[in-house]
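Only one structure is covered here, and it is reproduced in the block below.
The values are calculated or read from the model by the stated rules, or taken from the named source; none is laboratory data. Predicted, not measured: the structure shown is a model, and the values here were computed from it. Note: accessible area is taken over every heavy atom of the protein model, side chains too, but ligands, DNA and RNA are not part of it. Shrake-Rupley method; radii C 1.70, N 1.55, O 1.52, S 1.80 Å.
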Amino acid sequence: MIATYGFSATLTARPGLGDRLVDLLLTGLNPGSPGASGHCVVYLVSRSASDPDVVHVTEGWTSEDDHHRIFAGEAARSIVAQIDPLLDKEPEYTDHVPVRGKAAF
């Protein structure tokens with residue numbers, strides 16, 4: 001499958017909660033979670049090199065509709081509900097139209 005829709009998000013955790021935020025975001029790869037879906041072809045969690053409380057998430061999906069459908073599910077809503085209290089400010093999102101690339105982990 002290839003990605004036709006994607007986005008990146010920058011999330012800023014409350015001071016000292018960057019590790020908890022990263023751990024929670026990585027649960028998105030667990031079986032039954034959004035990142036484990038066959039429609040999610042890229043799910044990358046990164047940290048700022050200069051601020052451990054700033055976390056970046058890059059996602060690539062087979063379609064925007066697939067992304068919205070998966071994120072309407074209980075697993076995604078549960079993760080999002082746990083993320084909100086950890087944040088120091090509103091996340092910043094940028095939509096992407098994937099062209100070509102590579103991901104290997």
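What Kirkwood Rh does the chain have if only Cα atoms enter the pairwise 1/r average? Answer in Å. Let's see the in-between values first.
Values: mean 1/r = 0.0713 Å⁻¹.
The answer is 14.0 Å.
Convert each backbone phi in the range 75-80 into a coupling constant with the Karplus relation 6.51 cos²θ - 1.76 cosθ + 1.60 (shift: θ = phi - 60°), then list the ³J(HN,Hα) values in order as whole Hz, x for Gly and Pro.
4, 5, 4, 5, 5, 4
What residues qualify as long-range amide H neighbours of residue 14, i.e. H under 5 Å apart, gap of 5 or more or another chain, H built at 1.01 Å from N?
87, 88
Ignoring ligands, DNA and RNA, please state the percent of accessible area on the range 1-88 from carbon and sulfur, probe 1.4 Å.
Roughly 55 percent of what the probe reaches on the range 1-88 is carbon or sulfur.
Sum -39500 (n - 2.57) across every DSSP H segment of at least 4 residues in the chain, then divide by the residue count to get the 222 nm mean residue ellipticity, nearest 500.
On the way: 3 runs with 27 residues, N = 105.
The helix contribution divided over the chain gives -7500 deg cm²/dmol.
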